[in-house]
Amino acid sequence: MSDQNINQNDSGQINSYRRKFLAGLAGITAVVTVAPGILLRQVQAKPAGDAVTSKVRWGMLIDTNKLSDGGDACIAACKKEHGWGDEKLSRTAQDAQWIRKVKVTEKLTQHVTELPVMCQHCETAPCVDVCPTGASFKRDDGIVLVDKHICIGCRYCMMACPYKARSFIHETLIDQRPDTPRGKGTVESCNMCVNRVDAGKKPACVEAAPQAMLFGDLNDPKSDISKALKQFGGTQIRADLGLNTGVRYWGI
Amino acid sequence: MFRKFLSVASLGVILISLLGISGCQSKPLEIAKATKGFDTQEQLDAHVKNIRKDHMDRLMHKRDQTMHKGIRTPENSLKACINCHVPEPTESKVVRYTDPEHFCATCHNYVSVQLDCFQCHTDHPDKPAVATATQTPTTAHDMKVAIKHSSTEAAAQ
């Protein structure tokens, strides 16, 4: 009787392993059939245990002419993804600035351009140069991040950033998003949705405005973003600084 | 002889009082139950043994690998710990790390070790109901419609 029980347990265990294995297989085939070619090459999820490599450089291309709302949808998506913009005790000047809308009017023609501006993920980032603790750093795949574990909140990087992309958290926060830890006394900025990118997804803003934004690997000449940039070029904001930004624009 | 008796008696008194003190706190702490189970008892035993001894190392050292190298193995994920060991928020109660019944707080309070993780990380699983309540339109089309409405309203006023 006891032998039978053990056998049953064993077979149950094997079944559960088999089920997981089959589920994994089904997942793989689903990806292959749903996204033939393009998606697989564009944003490929690396295995969770692997480190990021410098073979990849993530970048973004924003067509401001196709952003009919000037990027409001992107900003809303970013707020929802990362849970910022609800700092009750902070003054307007202290508000979080992961991504913001910038309006430029040409004096002569009165032509208005609206563009979303966030961390430009520079190749030679000034914020990384000035950080005294190494908290501001560039990942091998080109994403510029703040390691809040070692950020001391000196705000030197905020001074150094030519794009005014960083902000400081002035108040105690609760109920953060699970994938976006944020806390008082640290600096934060756009992280190119690093949690989503590592999972093989696109950043939230790109998903919110797919008609106007491209996300992909700038090092891969076959990616959509590289092809588009090769054919039509792309503008860097403050290109004179020579920072080789990962975010490029059309229509500005 | 009397002196000997006195020393033996005082030793006895000290022993009994020491036993009494240790006896007061001998009951193991009651910690919150995990929501998910393991397939086998061996897996559970290995998990408990490992985490009791090494959780701080895993959280402290693997965090740098996650942050700087993008290595996100599920077994070293703080989010995974929280999702399994802290109850989901309900309408009436959100268990936070400042509450004594919070899984991490139970032992940390007992040994007076400060919990710093939750100054930045969330201390409870994401609540689906809250996420949908504050949901904004997701597609670009929805957003455009919403913005158009608000701008036309502003123009009308």
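The values are calculated or read from the model by the stated rules, or taken from the named source; none is laboratory data. A quick note: this is a predicted structure, and the numbers were derived from the prediction, not measured. Methodologically, a virtual Cβ is constructed for each residue, glycine included, from the backbone with ideal geometry; neighbour enumeration extends over all protein chains shown.
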Residues within segment B:100-114 that are farther than 17 Å from B:ASP54 by Cβ and either touching a Ser or Thr at 6+ places or on another chain (Cβ under 7 Å) or surrounded by 13 or more Cβ atoms within 10 Å (Cβ to Cβ) (or both), tallied: 6
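How many of the residues in segment A:101-126 are without any contact (Cβ under 8 Å) to a residue 40 or more places away in the chain and crowded, with 17+ Cβ neighbours inside 10 Å?
From segment A:101-126, those without any contact (Cβ under 8 Å) to a residue 40 or more places away in the chain are A:101-103, A:105-112; that's our starting set.
Now narrow it down to the ones that are crowded, with 17+ Cβ neighbours inside 10 Å: none.
Here the count works out to 0.
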Selection from segment A:98-116 of residues that are among the β-branched types (Val, Ile, Thr) and over 11 Å from A:SER189 (Cβ atoms): A:VAL102, A:VAL104, A:THR105, A:THR109, A:VAL112, A:THR113
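Take A:THR113 and decide whether it is more than 20 Å from A:CYS157 (Cβ to Cβ), touching a Gly at 6+ places or on another chain (Cβ under 8 Å) and modelled with pLDDT under 95. I'd like the intermediate steps shown before the answer.
Numbers: more than 20 Å from A:CYS157 (Cβ to Cβ): yes; touching a Gly at 6+ places or on another chain (Cβ under 8 Å): yes; modelled with pLDDT under 95: yes.
Yes; evaluated as a whole, the condition is true for this residue.
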Residues within segment B:96-131 that are at pLDDT 90 or above, assigned to a loop (DSSP other than H, G, I, E, B) and within 12 Å of chain A (Cβ to nearest Cβ), tallied: 10
Entirely in segment A:181-234, the helices (runs of 4 or more DSSP H) that have 3 or more residues that are under 22 Å from A:ALA125 (Cα atoms) and within 12 Å of another protein chain (Cβ to nearest Cβ): A:194-198
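Going by the conditions given, is A:ASP217 crowded, with 18+ Cβ neighbours inside 10 Å, under 17 Å from the mean Cα position of the chain (by Cα) and modelled with pLDDT under 95?
Details: crowded, with 18+ Cβ neighbours inside 10 Å: yes; under 17 Å from the mean Cα position of the chain (by Cα): yes; modelled with pLDDT under 95: no.
When the stated conditions are applied, A:ASP217 does not pass them.
A:GLU171 - would you say it is within 14 Å of chain B (Cβ to nearest Cβ), among the charged types (D, E, K, R) and surrounded by fewer than 14 Cβ atoms within 10 Å (Cβ to Cβ)?
Values: within 14 Å of chain B (Cβ to nearest Cβ): yes; among the charged types (D, E, K, R): yes; surrounded by fewer than 14 Cβ atoms within 10 Å (Cβ to Cβ): yes.
Here the answer is yes, as A:GLU171 does meet what is asked.
Counting only residues that are within 11 Å of chain A (Cβ to nearest Cβ) and not in a helix (DSSP H, G or I), which one in segment B:29-46 is farthest from A:ASN191 (Cα to Cα)? Spell out the reasoning first.
First pass over segment B:29-46, keeping only residues within 11 Å of chain A (Cβ to nearest Cβ): B:38-43.
Now drop any that are not not in a helix (DSSP H, G or I), which leaves B:38-40.
Details: B:PHE38: 34, B:ASP39: 37, B:THR40: 39 Å.
That would be B:THR40.
Across segment A:67-81, which residue is nearest to A:LYS101 (Cα to Cα) among those that are in a helix (DSSP H, G or I) and aliphatic (A, V, I, L, M)? Working first, answer last.
If we filter segment A:67-81 for residues that are in a helix (DSSP H, G or I), which is where we start, we get A:72-81.
Imposing the further condition that a residue be aliphatic (A, V, I, L, M) reduces the set to A:73, A:75-77.
Numbers: A:ALA73: 11, A:ILE75: 8, A:ALA76: 11, A:ALA77: 13 Å.
Per the criteria, the residue is A:ILE75.
For segment B:47-95: of the residues being assigned to a helix (DSSP H, G or I), among the aliphatic types (A, V, I, L, M) and within 14 Å of chain A (Cβ to nearest Cβ), which is nearest to A:ALA51 (Cα to Cα)?
B:MET67
To keep it simple, each residue is scored yes or no on (1) of a type in the set (A, V, I, L, M); (2) part of a loop (DSSP other than H, G, I, E, B); (3) in the same structural domain as A:GLY183 (by TED's automatic domain parsing).
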residue	(1), (2), (3)
A:VAL104	yes, no, yes
A:LEU108	yes, yes, yes
A:VAL117	yes, no, yes
A:VAL128	yes, no, yes
A:ASP141	no, yes, yes
A:ILE152	yes, yes, yes
A:MET158	yes, no, yes
A:THR172	no, yes, yes
